[in-house]
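Working notes for the structure below.
Every number here is computed from the coordinates shown, using simple stated rules; none is lab data. These numbers come from a predicted model, not from an experiment. When we count neighbours, we look across all protein chains shown, and the Cβ atoms used for this are built from the backbone with ideal geometry, even at glycine.
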Amino acid sequence: MTTTTSSRTHAYRASIIHTLDDPAKVGIKSSYQYFKDGLLIVENGLIKAIGSAEILLQTLTPDTPITAYENSLITPGFIDTHIHYPQTGMIASYGEQLLDWLNNYTFPEEHKFADKSYADNVADIFLTELLRNGTTTALVFGTVHPQSVDAFFEAAQSRNLRMIAGKVMMDRNAPDTLTDTPQSSYQESKALIERWHGKDRLHYAVTPRFAPTSSDEQLSLAGKLLNEFPQLYMHTHLSENKQEIEWVKSLFPNQSGYLDVYDHFNLLGERSVFAHGVHLCDEECKRLAETDSALAFCPTSNLFLGSGLFDLPKTEQHNIKVGLGTDIGAGTSFSMLQTLNEAYKVMQLQGKKLNPFKSLYLATLGGARALKLEDRVGTLLPGTEADFVVLDYHATPLMTYRMEQTTSLEEQLFVFMTLGDDRVIKATYAMGAPVHTRS
Ligand code: GUN
Ligand code: ZN
C-alpha cells in the first residue's frame, strides 16, 4: 500500500498572480505576488504552497501529480458581490430604467420561482454560467419564495461552492403574488437560516429587496434576525437611481436619507453589503466606513439601466470596503473580466483611471474582504481554500496577437480585462476540484 498523502496533493504549474492588499493603500508594487513560472500546491482542498516552480518542485514527492498549463495565468477564483440568480432568464431586457425595468421584466420572471422545479433548473444554469466565467463565490439574491433559496443552496452544495444567498423580503409596492408579510418573511428566513447557514460552504444573507418594498415592521424584523443569529449577512440595494432615491425619501420622511433608513433598523455592519451606492453623500460614505459596511460596484448594470457613474476614488478616500458585482440580470455579463472592462470605462467617463492591479484586487481579495471571507478565499495564500481559475493568454486569435505585443505584466492584465470573457477561462477549481473545464 502506498501512502495516501501525496494522492491528496496536486501541483499546478503556470504563471501565477494573486493580490495581497489594496493597491490604493499599499501602492501597486506591494499589492501583489507574481511568479512567471509558478507552482501552486494543493492539499486536501486547501492551498499548501505558492511560489516559483524551480524552488517548490524540489519539495514534492516524486509521485505528486503535476498539471502544467501552457500559456496560462492562475489567479484566485473571482468573487461576485452582487447578483440575482432568478434574473438569468431576463438578462438583456430592453429599454427601461430601474423602476419600470423591475415592473415590466423582473417581477414577471421572479413569479416563476414559486415552482421549485423551475428554480432548480435556473439554479443549475446559473451556477454553470458562473463557473464558466471563473466566479467561485457570489452573494446572491433569491426571490421571495423560500424554495428558490433551497434550489440555489442545493445546487451550490452539490458543487461544493462557497456561496451566500437569501430569500427576498418584500411586503409592499410589488405585485400581490410576489409579496410576503413581515411575519411570514421572518419565519421563512429563520427556517432557511436554520437549514442552510454554516452548512458546508454556505452562508445566509438576510435580504430585504430595497427600502421601497419593505414596511417599517419588515425592516425591523430583518434587524431582529441579524441580532438572533451570529455571522449572518445583510444584502440589499442602495442609492442606485435618482427616481428611486426620491421615492425612498417620500416613503420614509423621518429618515435623513436612503442609508439612514437601513441604519435606523440596525442593518449596517461588517457583513452588510449594499449594491450600487452610485449617488451617496459624504455623510453616507462616512457612515458606511464607520460601520465597516461594504458596497458592491456594478458597472455593467449601472450603465445598462442608465443609473449613473460609481465614484470609486471617493470610496477609497472614505476607506469603504468595495467589491465588484455583475448584478445579473440588470448587469449584462457574467464575466468579471467584462465587468472590469466596463468599470474602467466608468472611471474614464469621470476623468479617472482604474489600474489593472486594482481591478484584480476588486475581482478577488476586495470582494473577499467585502464579504469578510478573506481568510478563506480571494487569495492563494497557504491555508486558504483552493478556489482558483486558469486564464488562457491565447484564448482568441486577437488576444494571442495582442499579448505578443505586451511588454509588462500590467499590460497583460489589462488585455485580459479588456478583451477577455468566458473564452479566457480554461479551467475553474473549487476546493482543489475541477468544476469547469473549457471544451
Ligand atoms: N433594486 C431593487 N430590486 C432590484 C433588482 O432586482 N435589480 C437592481 N439592479 N436594482 C434593484
Ligand atoms: Zn441587484
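Put one equal scatterer on each alpha carbon of the chain, apply the Debye formula with no solvent term, and list log10 I(q)/I(0) at q = 0.09, 0.13 1/Å to two decimals. Debye intensities relative to I(0), on a log10 scale: -0.54, -1.11. Among Thr137, Thr61, Thr379, Thr67, the order by Cβ neighbours within 10 angstrom, fewest to most, reads Thr61, Thr67, Thr379, Thr137.
Working from label points 7 Å from Cα in the Cα-to-Cβ sense, the Asn104 to Lys249 distance is 2.6 nm. The Cα center of region 322-391 and the Cα center of region 271-294 differ in position by 18 Å. Backbone geometry of region 369-375 corresponds, through the Karplus equation with coefficients 6.51, -1.76 and 1.60 at θ = phi - 60°, to 3J(HN,Hα) couplings of 5, 4, 9, 6, 10, 5, 7 Hz, x marking Gly and Pro.
Working note: Karplus 6.51/-1.76/1.60 with θ = phi - 60° gives region 253-261 the couplings x, 7, 9, 6, x, 4, 4, 5, 4 Hz, where Gly and Pro are set to x. Around the amide H of Thr143, modelled in the peptide plane, lie the amide H atoms of Ser148, Val149, Val168, all under 5 Å away and 5 or more residues distant in sequence or on another chain. Between Ala191 and Gln350, take the C-beta separation as r, use R0 = 45 Å, and let me know the FRET efficiency to the nearest 0.05. Once the sixth-power term is evaluated, E becomes 0.50. Placing dummy labels 7 Å off each Cα toward the beta-carbon, the span from Thr128 to Ala92 is 1.7 nm. For the set Lys36/Lys358; Lys25/Lys321; Lys25/Lys286; Lys167/Lys426; Lys36/Lys426, the pairs lying more than 22 angstrom apart at their alpha carbons are Lys167/Lys426. Taking every DSSP beta bridge that has both ends in the chain, the antiparallel portion is near 45%. On the basis of the beta-carbon distance and an R0 of 45 Å, Asp63 and Leu20 show a calculated FRET efficiency of 0.90. Using the Cβ-Cβ distance between Glu404 and Thr181 with R0 = 45 Å, the FRET efficiency computed as 1/(1 + (r/R0)^6) comes to roughly 0.15.
Taken along its three principal axes, the alpha carbon spread of region 227-315 comes to 38, 28, 21 Å, from the longest extent down to the shortest.
A Cβ-based charge dipole, computed about the Cα centre of the chain with Lys and Arg at +1 and Asp and Glu at -1, lands at about 840 debye. Computed from the C-alpha gyration tensor, the three semi-axes of the ellipsoid equivalent to region 47-143 are 42, 15, 11 Å, from longest to shortest.
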